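The values are calculated or read from the model by the stated rules, or taken from the named source; none is laboratory data. All of these numbers come straight from a predicted model, not from anything done at the bench. Please note: Cβ atoms are built from the backbone with ideal geometry, for glycine as well, and neighbour counts cover all protein chains shown. These area figures cover heavy atoms from the full protein model, side chains too; ligands, DNA and RNA do not enter into them. Shrake-Rupley method; radii C 1.70, N 1.55, O 1.52, S 1.80 Å.
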Amino acid sequence: MKHVILGAGPAGVIAAETLRKQAPHDEIVLIGDEREPPYSRMAIPYLLTGQIGEPGTYLRKTADHFQRLDIQLRQQRAKRLDAASRRLTLDDDSVTGFDTLLIATGSSPVRPPIPGMNLPGVHACWTLNDARAIERLATKGARVLQMGAGFIGCIIMEALAMRGVQLTVVEMGDRMVPRMMGPTAGGMIKRWVESKGVTVFTGTRVEAIESGTPLKVRLSNGQHLSVDLVISATGVKPNIGFLENSGVTCLQGVLTDEHMRTNVPGIYAAGDCAEALDLATGRTIVSAIQPNAADQAYVAAMNMAGKAAVLKGVTQINVLDTLGLVSTSFGDWQGVPGGDRVELTDETLWKHLSLQFDGDRLVGCNSIGWTDHVGVMRGLVEGRVRLGAWKDRLMREPTRLMEAYLACAQSQHQWQAARPKAAA
Ligand SMILES: Cc1cc2nc3c(=O)[nH]c(=O)nc-3n(C[C@H](O)[C@H](O)[C@H](O)COP(=O)(O)OP(=O)(O)OC[C@H]3O[C@@H](n4cnc5c(N)ncnc54)[C@H](O)[C@@H]3O)c2cc1C
């Protein structure tokens, strides 16, 4: 069997290694288009703060790792796929055939259609190459404007603040982290980072960037800023362009079932480029975080090796440390139609909790400052635990989450564990 894996990020690497373990004699080809050893984007903030050097970002630390596993690592870019004839065309026009193919091409930053986005001094923060440019320009005291205050934007912001730059963040949503946090929580995060010396404009767009040293940035609120560096963190989209007319079905990402199979037999997808089926909710979701990439890659590779494996769920969790303020977002944090919600806020103590219920199940939540509850919130939301009478108690006293978990989740786990035995 010949297995081809497209994309040498975390998903591609985990899939290649899993395949090697499960299929010791098969041919495995791992194709990635970046001129770096496979690395972790998650490590880029640590590189920017000087906690690690570039080798610290590498996913595997020994130079001959892939060779030793007999995994062929190639630096090339796929430009076309013909699923029916199982032919993959690469950027040098060579054609590779395969028995199974994993699409693990990740996602790329969205480039907003703003005049000046191509100027020198305007960068995304997505690749090692971006990080090198940012390291050169984001020196102590440099004026940096960051566009976007989403999950990844806030992670980058923290690294920039630690570099001692003069930071301005411009977010077009009405609050910070608008796709992860409700208005109260987003407002609290804004006030927190402002208290740490970051200037934040929400509900504001960058309208144009003019060339020069410094760059001149025009904002929709009428302000003009002079900056040394603009960082664009305005969201990402799956790298699926090369799949046009390939026969592989894509919606927002490459559509997969619970085995990470696409509509074409033998072709799989995993990671940021995949729109995976969340068995818990029955919905397909692109949830571009690394734990999902790892889980999906493992499941895909097992199936590519002929061993049945099922993806149980797509994790929708974000835990964010914004300059010391820890916030979380789980599941349907915005709530569901007909569901109940309860919110508790203490702005002076920087604490906030918002719980969303569907019937007697906790289906989503937002929190600020409740670090000790993170595991419990995850357990209740992901476990779709029936709370029974505890739902009303939580509506009155939301901070009793731990007691609710101990009372409901554990007994349900015991019951589930006991069930197969009883059936036998
Ligand atoms: C600064 C930063 C911080 C982050 N922090 C976190 C965090 O704290 N927690 C978290 O869970 N996630 C975080 N992420 C997101 C996380 O990095 C991604 O979810 C993860 O990288 C997804 O892995 P992947 O293998 O699916 O995709 P990628 O890591 O993007 O790898 C895909 C690879 O495929 C290559 N490729 C694309 N198209 C082709 C083609 N046609 N042919 C060949 N190769 C191709 C790409 O260039 C890339 O090298 C962060 C991301 C960034 C940028």
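Odds and ends about this structure:
- Calculated from backbone phi, Karplus (6.51, -1.76, 1.60) coupling profile of segment 301-308 in Hz, x at Gly/Pro: 5, 4, 5, 4, 8, x, 10, 5
- Relative contact order, percent, segment 121-190 [alpha-carbon distance under 8 Å, six or more residues apart]: 28 percent
- Measuring against 27 Å, Cα to Cα, the residue pairs Lys140/Lys351; Lys196/Lys237; Lys190/Lys216; Lys2/Lys237 contain Lys140/Lys351; Lys196/Lys237; Lys2/Lys237 as the ones spanning a longer distance.
- Near the amide H of Ala309, within less than 5 Å, lie the amide hydrogens of Asn303, all on another chain or at least 5 residues away, with H placed in the peptide plane.
- Only helical runs count toward this figure. For the chain, summing -39,500 (n - 2.57) over DSSP H runs of n ≥ 4 and dividing by all residues gives -7000 deg cm²/dmol at 222 nm.
- DSSP-defined antiparallel bridges as percent of all bridges, the chain, nearest 5: 60 percent
- The heavy atoms of Met304 offer some 10 square angstrom of accessible surface to a 1.4 angstrom probe.
- DSSP-assigned coil residues among GluC sites (Glu not before Pro) in segment 206-307, each with at most 12 further Cβ atoms within 10 Å: Glu244
- Ordering of 224-237, 307-320 by packing [mean C-beta count within 10 Å, highest first]: 224-237, 307-320
- For the chain, the relative contact order works out to 13 percent when only alpha carbon pairs closer than 8 Å and six or more residues apart are counted.
- Summary of the geometry: segment 257-317 and segment 1-16, compared by the centres of their Cα atoms, lie 14 Å apart.
- The aspartates and glutamates whose alpha-carbon is closer than 19 Å to the alpha-carbon of Lys21, local same-chain residues fewer than 8 away aside, are Asp64, Asp70, Asp99, Asp295.
- FRET efficiency estimate (nearest 0.05) - Cβ-Cβ, Gln290 to Glu258, R0 22 angstrom: 0.65
- Size of charge dipole - segment 272-424 - debye, nearest 20, with Cβ of Lys, Arg +1 and Asp, Glu -1, no other charges: 700 debye
- Of all DSSP bridge pairs formed entirely within segment 1-81, close to 10 percent run antiparallel.
- The relative contact order of segment 205-334 comes to 14 percent, based on Cα pairs under 8 Å that sit 6 or more residues apart.
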